[in-house]
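Only one structure is covered here, and it is reproduced in the block below.
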Amino acid sequence: MNSALPNASLTRRGFLAVGTGTLAAIVLASCAAPPRYITPTGAAVRAGELARGGTGRIMSVDLIASPTQIDLAGTVANTWSYGTVPGSTIRLSAGDTLRAKLRNALPDDTSVHWHGLALRNDMDGVPGATQAPIAAGNDFNYEFVADQPGTYWFHPHVGPQLDRGLYGALIVEDPNEPLTYDDEWVVILDDWLDGVTGTPDEVLKELSGGMGGMMSGSGSHMMMGTRSDLLGGDAGDVAYPYFLINGRPPADPETFTSTPGKRIRLRIINAGSDTAFRVALGGHRLTVTHSDGYPVNPVDTDAILIGMGERYDALVTLGDGAFPLIAAAEGKNANALAIVRTGSGQTPLSASSIPELTRTVLTASMLSAVSHVALATRSVDREITATLSGSMMAYDWAINGRRFDPANPMAGALGVQQGERVRLRIENTTQMWHPFHLHGHTYQHVGGGPRKDTSIVLPGKTLSVDFDADNPGLWAAHCHNIYHAESGMMTILGYLAS
Ligand SMILES: [Cu+2]
């Protein structure tokens, strides 16, 4: 019945205002009024931002999204970026205000989403839900308090623009940092095709035709037969000619230079669109300290599995020599590479593998939140389910049986009330894994697991997570495979108006 109603953004109040007397009474009697949600610019959001307080310090940055080029070891490709790939890292201290002026010099609408931050809703950068799209030639001023330390990142939330060069790291430092380390390196992973084999828009168009399009011979981007035991089967849909660390391919790798014995904090971010990476540093073990910005009880491992949108921080004490930092594209038989050099050893070959990649591979299920960021014990007030469905055959990815419609974003929204403890069940009925991302909140995996905002959900499995509904607004919840999300695997978590 709800689907027959006009746009759910037409509120119950609006509905009553247009209907009078008998007509309104009949309508209300014959079907439930559509739920009414708070608005991103309303009093609840403003009150939430005031409650954050903050240091009052303002970090101002100018972001210009524009057509640029990237040099991939001599192959120059046209792309879109924030000047460089990745964009310059934005760094501030917890409680500071980020004031980011976005100028859209692209030939298309855009926006900026601040991935992982529990920020004020009207700055979350989701056109159709939290703001109007920023049209070509226009500016938009983002301004919000970033009160939670951690490793975050930013990217557009328009079409498949994320699969171009439009991304960068956002590091919120902890003024009372409990870890001790000598240096920190931001390691951004990406799968790259833009300007080389096509554009992300062309990829989306081809994938949207499903495997029928592939079989008719028109396809060139779809990748068949990717396999990963860790991901429970199919690893990805898209063929990429390059895999990058900090915007550079293995033939021209970034070199991190240090000295033996130094303790380094790695901030690893997967900015890919269709690729999980298995990350390891040859000759070293890693101590994982954070997932998606939040501290975990430290775990030693040889490698880390990281899905699109996820971040892991790890400490490593450097040996003497030159070592490959490899991000293996899971199931795709190719690597991204950087070099860590502390001595005079020979630079490792890009083609070389390292034994660490096939030893212990850490996943989120091996982690637990440290006590001071674990959710307080309380009973669940509301349980909601996001059932993921769809197939590569039809490319009909959906949540709760509904493919997201940008023209009617609140249709099928998941409603919660401010103040509730919410349990979200993410039920994957498909034959493929999905990195599920919830905006504006950092939930905790049920059973004492890590705090996260993006989680790998394996095929046929259900992941349950809890969060406190303490950040009012309309929040996108979607698969972070950008092609799945843009094909419909997205919904809105909306705070109900009381
Ligand atoms: Cu997906």
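The values are calculated or read from the model by the stated rules, or taken from the named source; none is laboratory data. For clarity, every value in this text was computed on a predicted model and none was experimentally measured. A quick note on method: Cβ atoms are made from the backbone with ideal geometry, for glycine too, and the neighbour counts reach across all protein chains shown. Ligands, DNA and RNA are stripped out before the accessible areas are found, and what is left, the full protein with its side chains, is counted by its heavy atoms. Shrake-Rupley method; radii C 1.70, N 1.55, O 1.52, S 1.80 Å.
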| request: Go through region 431-472 residue by residue and tally those that are touching a His at 6+ places or on another chain (Cβ under 9 Å), small (G, A, S) and either at positive phi or surrounded by fewer than 24 Cβ atoms within 10 Å (Cβ to Cβ) (or both). | output: 2
| query | Could you count how many residues in region 412-428 are within 12 Å of the ligand (Cβ to nearest atom) and not hydrophobic (A, V, I, L, M, F, W, C)? | reply | 1
| said: Taking the criterion of being in contact (Cβ under 8 Å) with a residue 24 or more places away in the chain, open to solvent by less than 10 Å² (accessible area, probe 1.4 Å), more than 16 Å from the ligand (Cβ to nearest atom) and in the same structural domain as A376 (by TED's automatic domain parsing), would at least one residue in region 473-484 satisfy it? | reply: yes
| query | Would it be correct to say that V126 is among the aliphatic types (A, V, I, L, M) and either over 29 Å from R248 (Cβ atoms) or open to solvent by less than 40 Å² (accessible area, probe 1.4 Å) (or both)? | reply | yes
| request: Consider only pairs whose beta carbons are under 7 Å apart and that are at least six residues apart or on different chains; among these, list those whose first residue lies in region 149-166 and is in contact (Cβ under 8 Å) with a residue 24 or more places away in the chain and whose second residue is of a type in the set (K, R). | output: T151/R267; T151/R311
| Between residues in region 380-402 that are under 27 Å from G419 (Cα atoms) and open to solvent by 60 Å² or more (accessible area, probe 1.4 Å) and residues that are in a loop (DSSP other than H, G, I, E, B) and away from the ligand (no atom under 14 Å from the Cβ), which pairs lie under 7 Å by C-beta distance while being six or more apart or on different chains? | D381/E420; R382/E420; N400/G412
| task | Name the single residue, out of those in region 40-67 being outside the structural domain of L119 (by TED's automatic domain parsing) and among the β-branched types (V, I, T), that is most open to solvent (accessible area, probe 1.4 Å). | result | T41
| task | Determine if region 379-400 includes at least one residue that is touching a Gly at 6+ places or on another chain (Cβ under 7 Å) and away from the ligand (no atom under 16 Å from the Cβ). | result | no
| said: I need the full set of residues from region 438-454 which are among the polar types (S, T, N, Q) and more than 12 Å from the ligand (Cβ to nearest atom), in order please. | reply: T442, Q444
| task | Would you mind finding the one in P409, P435, P459 that is away from the ligand (no atom under 16 Å from the Cβ) and in contact (Cβ under 8 Å) with a residue 12 or more places away in the chain? | result | P409
| Among the strands (runs of 3 or more DSSP E) confined wholly to region 224-326, which include 3 or more residues that are open to solvent by less than 20 Å² (accessible area, probe 1.4 Å), closer than 22 Å to T84 by Cα and in contact with a Gly (Cβ under 7 Å, 6 or more places away or on another chain)? | none
| note | For region 82-120, the count of residues that are among the polar types (S, T, N, Q), open to solvent by 10 Å² or more (accessible area, probe 1.4 Å) and more than 19 Å from N246 (Cα to Cα) equals 2
| query | In the set L357, L414, which member is within 22 Å of the chain's Cα centre (by Cα) and buried (at least 17 other Cβ atoms within 10 Å of the Cβ)? | reply | L414
| said: Here are the criteria: (1) open to solvent by 10 Å² or more (accessible area, probe 1.4 Å); (2) within 16 Å of the ligand (Cβ to nearest atom). Tell me which single one L496 does not satisfy. | reply: (2)
